[in-house]
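Enquirer: Have a look at this one before I ask anything.
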Amino acid sequence: MGSDLFGSYAESSCAALVVASISSFGINHEFTAMLYPLLISSVGILVCLITTLFATDFFEIKAVKEIEPALKKQLIISTVLMTVGIAIVTWVGVPSSFTIYNFGDQKVVKNWQLFLCVGVGLWAGLIIGFVTEYYTSNAYSPVQDVADSCRTGAATNVIFGLALGYKSVIIPIFAIAISIFVSFSFAAMYGIAVAALGMLSTIATGLAIDAYGPISDNAGGIAEMAGMSHHIRERTDALDAAGNTTAAIGKGFAIGSAALVSLALFGAFVSRAAISTVDVLTPKVFIGLIVGAMLPYWFSAMTMKSVGSAALKMVEEVRRQFNTIPGLMEGRAKPDYATCVKISTDASIKEMIPPGVLVMLTPLIVGTFFGVETLAGVLAGALVSGVQIAISASNTGGAWDNAKKYIE
C-alpha cells in the first residue's frame, strides 16, 4: 500500500511538473509557482500531523461503537483543514492569471480555478472513502446481506459478495468522472495532475487508519496465542472489524488517485508523442483498447494463481509435519517454522516476477511493433478496465472479511 501510494504521489507530481515546465511558469522561470504540486504535498503532511492530535488528544474513545466514527472523523477533519491549506497556498504561491500548455495551445487559467481543481480531487477522495465504508462496514446493510446469504451455503455468499463489489463501483466512478471533467475543463492535463495530488494530499491520515487494521488483527492473534481472556479477544475483534473497513477506505483512495494519475501520465505520453487525437474507430486503436482492457484480468489471474499455489504448498507442508513429527498434534513437540516461512518468502519473490514482466514489457512491445496509436489504445483500455476491477475486488474482499466478523 505504501509503495503504491508513493508511486501515485511521485507520478502525479512529475506529470504536473512536466506540464508546468512548458507553460508560463517554466517560460517565465516562476520558481514558487513551479513548485505548486510539491507545496500541496507539503501542506498535506502538516494537515495530517494536526489531524493526528484530534485522535490522540481531543477525542477520547470510551466504547466499542465509537471506534469507527472516530476514524471517519479523522478523514473529514483532514479534508476540511486541507481545503483551507490549499486555498492559502494557491493564493500566496500562484499568480492570479497564467497559461497552461494544452495539446499545442496555451490555455489561460485563473488561480481560483486551480484551487477548484485540487479541491474537487480532495473531496472526490472523501466521497470514495465513504462509499467504500458503506459497502465494507458491517454496520450497514450490504455486508449484513452478505452475512445473511451464508445461511444457504458458500455459493450464495460468493454471489452476494461479487454483486456487492460490482455495485460499489458506481458512485466512485462518477466521483472520479466529475473530478476529471472539472479539472480538465479548468486547467487541462495540469488540472488532472493536481486533482490527483489533492486526492492524495490527506493520504498520511488514510495510511494511518489503513495500517490500524493489521495491527489490531495481529494483537488479536497474540491475545489468542497467549491464552488471554476472551474479553480481550472480543475487543481486538471489534478493533479489527473497524480496521478492515478503514483498510478498504485506504484502498479506495489509492485506486481513485491511481486512476487520475494514470490519466495525467497518459496525457503526458500523448503530448510527448505528438498525437493530437486518438481515433477509436481505426482498427489498430480499437485492437489496442480490447487488449489493454484484458491486461488487468491477466495480471489478476497471475497473482491469484500464485497465492493459490503458495497456499497449497503451505497446507501440504503443515500436513507433512503433523504426520511425521511425533507429539505435534498434542502440543508436546515444536513444529518446523522455518520451512513454512521459506515457502511464503520464496513464493512472494518468485511468483511476482511474471506479473511484473507483463506490466513492463507490454508498452515496450506494443509501441515498438504496432506504433504509438495502438499503444495509446492499450493504455486507455487498461486504465478503464483496471479501475473497475480494482474497486470491485477490493470492496468484495473487505465485505467478506467483515461479514465473517459480523457472524462471529
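The values are calculated or read from the model by the stated rules, or taken from the named source; none is laboratory data. These numbers were taken from a predicted model, which means no experiment stands behind them. Note that we place each Cβ from the backbone using ideal geometry, even for glycine, and neighbour counts take in every protein chain shown. Remember, those area values only see protein heavy atoms, side chains included, never the ligands or the DNA or RNA. Shrake-Rupley method; radii C 1.70, N 1.55, O 1.52, S 1.80 Å.
Enquirer: Restricting to region 318-339, count the residues that are open to solvent by 40 Å² or more (accessible area, probe 1.4 Å), not β-branched (Val, Ile, Thr) and not in a loop (DSSP other than H, G, I, E, B).
Expert: Qualifying residue count for the region: 6.
Enquirer: Quick one: in region 142-195, which of the residues that are polar (S, T, N, Q) and either in contact (Cβ under 8 Å) with a residue 60 or more places away in the chain or surrounded by 16 or more Cβ atoms within 10 Å (Cβ to Cβ) (or both) is farthest from residue 102 (Cα to Cα)? It would help to see each step written out before you state the result.
Expert: Restricting attention to region 142-195, the residues satisfying the condition of being polar (S, T, N, Q) are 144, 149, 152, 156-157, 168, 179, 183, 185.
Now drop any that are not either in contact (Cβ under 8 Å) with a residue 60 or more places away in the chain or surrounded by 16 or more Cβ atoms within 10 Å (Cβ to Cβ) (or both), which leaves 144, 149, 157, 168, 179, 183.
Numbers: 144: 48, 149: 51, 157: 49, 168: 34, 179: 18, 183: 13 Å.
The extreme case among them is 149.
Enquirer: Sticking with this structure for a sec: Return the residues of region 53-86 that are within 26 Å of residue 39 (Cβ to Cβ) and open to solvent by less than 40 Å² (accessible area, probe 1.4 Å); say none if nothing qualifies.
Expert: Selection gives 74, 75, 77, 78, 79, 82, 83, 85, 86.
Enquirer: Determine if region 394-408 includes at least one residue that is touching an Asp or Glu at 6+ places or on another chain (Cβ under 8 Å), at negative phi and either open to solvent by 50 Å² or more (accessible area, probe 1.4 Å) or not in a helix (DSSP H, G or I) (or both).
Expert: First pass over region 394-408, keeping only residues touching an Asp or Glu at 6+ places or on another chain (Cβ under 8 Å): 405, 408.
Filter once more, keeping what is at negative phi: 405, 408.
The next check asks that each one be either open to solvent by 50 Å² or more (accessible area, probe 1.4 Å) or not in a helix (DSSP H, G or I) (or both); those that pass are 408.
Checked region 394-408: at least one residue is touching an Asp or Glu at 6+ places or on another chain (Cβ under 8 Å), at negative phi and either open to solvent by 50 Å² or more (accessible area, probe 1.4 Å) or not in a helix (DSSP H, G or I) (or both).
Enquirer: Out of region 78-92, which residues are free of Cβ contacts under 8 Å to residues at least 60 places away in the same chain and among the polar types (S, T, N, Q)?
Expert: Those that are free of Cβ contacts under 8 Å to residues at least 60 places away in the same chain and among the polar types (S, T, N, Q): 83, 90.
Enquirer: Could you tell me which residue of region 279-294 is modelled with the lowest pLDDT, considering only residues that are open to solvent by 40 Å² or more (accessible area, probe 1.4 Å) and closer than 11 Å to residue 380 by Cα? So that I can check it myself, show each step before the final result.
Expert: Quick first cut of region 279-294, residues open to solvent by 40 Å² or more (accessible area, probe 1.4 Å) only: 279-284, 286-287, 289-291, 294.
If we keep only those that are closer than 11 Å to residue 380 by Cα as well, we get 280, 286, 289-291.
Working: 280: 88, 286: 95, 289: 95, 290: 95, 291: 95.
Restricting to residues being open to solvent by 40 Å² or more (accessible area, probe 1.4 Å) and closer than 11 Å to residue 380 by Cα, the top hit is 280.
Enquirer: Quick check on this structure: which one of 276, 348, 344 is surrounded by fewer than 16 Cβ atoms within 10 Å (Cβ to Cβ), in a loop (DSSP other than H, G, I, E, B) and of a type in the set (S, T, N, Q)? Can you show your working first?
Expert: Details: 348 fails: in a loop (DSSP other than H, G, I, E, B); 344 fails: in a loop (DSSP other than H, G, I, E, B).
Answer to the check: 276.
Enquirer: Got a number for residues in region 28-49 being more than 23 Å from the chain's Cα centre (by Cα), more than 18 Å from residue 110 (Cβ to Cβ) and open to solvent by 80 Å² or more (accessible area, probe 1.4 Å)?
Expert: Final tally of qualifying residues: 2.
Enquirer: In a helix (DSSP H, G or I) and more than 22 Å from residue 172 (Cα to Cα): is that true of residue 236 in this structure?
Expert: Values: in a helix (DSSP H, G or I): yes; more than 22 Å from residue 172 (Cα to Cα): yes.
Yes, satisfied.
Enquirer: If you scan region 7-26, which residues turn out to be of a type outside the set (S, T, N, Q) and exposed (fewer than 13 other Cβ atoms within 10 Å of the Cβ)? Let's see the steps before the verdict.
Expert: Within region 7-26, the first condition is being of a type outside the set (S, T, N, Q), and the residues that meet it are 7, 9-11, 14-20, 22, 25-26.
Hit for region 7-26 is 10, nothing else.
Enquirer: For region 196-237, give me each residue that is among the polar types (S, T, N, Q), open to solvent by 50 Å² or more (accessible area, probe 1.4 Å) and within 25 Å of the chain's Cα centre (by Cα).
Expert: Step one: filter region 196-237 for residues among the polar types (S, T, N, Q), giving 201-202, 205, 216, 218, 229, 236.
Pick out the ones that are also open to solvent by 50 Å² or more (accessible area, probe 1.4 Å) and you get 218, 229.
218, the sole residue that qualifies.
Enquirer: Additional query: Please specify each residue of region 93-103 satisfying the condition of being β-branched (Val, Ile, Thr) and either surrounded by 20 or more Cβ atoms within 10 Å (Cβ to Cβ) or without any contact (Cβ under 8 Å) to a residue 12 or more places away in the chain (or both). I'd like the intermediate steps shown before the answer.
Expert: So in region 93-103, the residues β-branched (Val, Ile, Thr) come out as 94, 99-100.
94, 100, listed by residue number.
Enquirer: Looking at region 359-393, which of its residues are surrounded by 17 or more Cβ atoms within 10 Å (Cβ to Cβ) and either free of Cβ contacts under 8 Å to residues at least 24 places away in the same chain or not in a helix (DSSP H, G or I) (or both)?
Expert: Across region 359-393, the qualifying residue is only 367.
Enquirer: Taking only region 111-120 into account, find how many residues are out of contact with any Ser or Thr (no Cβ under 7 Å at 6 or more places or on another chain), of a type outside the set (Val, Ile, Thr) and either open to solvent by less than 30 Å² (accessible area, probe 1.4 Å) or in contact (Cβ under 8 Å) with a residue 60 or more places away in the chain (or both).
Expert: Qualifying residue count for the region: 2.
Enquirer: For residue 315, are the conditions met, namely being within 24 Å of residue 353 (Cα to Cα) and either of a type in the set (A, V, I, L, M, F, W, C) or surrounded by fewer than 16 Cβ atoms within 10 Å (Cβ to Cβ) (or both)? Write out each step before concluding.
Expert: Working: within 24 Å of residue 353 (Cα to Cα): yes; either of a type in the set (A, V, I, L, M, F, W, C) or surrounded by fewer than 16 Cβ atoms within 10 Å (Cβ to Cβ) (or both): yes.
Spelling it out, residue 315 is indeed within 24 Å of residue 353 (Cα to Cα) and either of a type in the set (A, V, I, L, M, F, W, C) or surrounded by fewer than 16 Cβ atoms within 10 Å (Cβ to Cβ) (or both).
Enquirer: So which pairs qualify, if the first residue must be in region 121-140 and of a type in the set (Asp, Glu), the second must be assigned to a helix (DSSP H, G or I) and open to solvent by less than 10 Å² (accessible area, probe 1.4 Å), the Cβ gap must be under 6 Å, and the two must be at least 6 apart or on different chains?
Expert: From region 121-140, the pairs are 133/245; 133/249.
Enquirer: Test residue 333 against the stated conditions and say whether it is touching a Gly at 6+ places or on another chain (Cβ under 7 Å), at pLDDT below 90 and of a type in the set (Gly, Ala, Ser).
Expert: Numbers: touching a Gly at 6+ places or on another chain (Cβ under 7 Å): yes; at pLDDT below 90: yes; of a type in the set (Gly, Ala, Ser): yes.
Judged against the criteria, residue 333 is a match.
Enquirer: Further, regarding this structure: I want to confirm something. Restricting to region 295-306 and keeping residues that are open to solvent by 100 Å² or more (accessible area, probe 1.4 Å) and without any contact (Cβ under 8 Å) to a residue 40 or more places away in the chain, which single residue is farthest from residue 384 (Cα to Cα)? It would help to see each step written out before you state the result.
Expert: First, pick out the residues of region 295-306 that are open to solvent by 100 Å² or more (accessible area, probe 1.4 Å): 297-298, 304-305.
Then drop every residue that is not without any contact (Cβ under 8 Å) to a residue 40 or more places away in the chain, which leaves 304-305.
Details: 304: 21, 305: 23 Å.
Among residues in region 295-306 that are open to solvent by 100 Å² or more (accessible area, probe 1.4 Å) and without any contact (Cβ under 8 Å) to a residue 40 or more places away in the chain, the one farthest from residue 384 (Cα to Cα) is 305.
Enquirer: Starting from region 316-330, keep only residues that are within 18 Å of residue 343 (Cα to Cα), then list their pairs with residues that are open to solvent by 90 Å² or more (accessible area, probe 1.4 Å) and of a type in the set (A, V, I, L, M) whose Cβ atoms are within a distance under 8 Å, requiring at least 6 positions of separation or different chains.
Expert: From residues that are within 18 Å of residue 343 (Cα to Cα), the pairs are 322/329.
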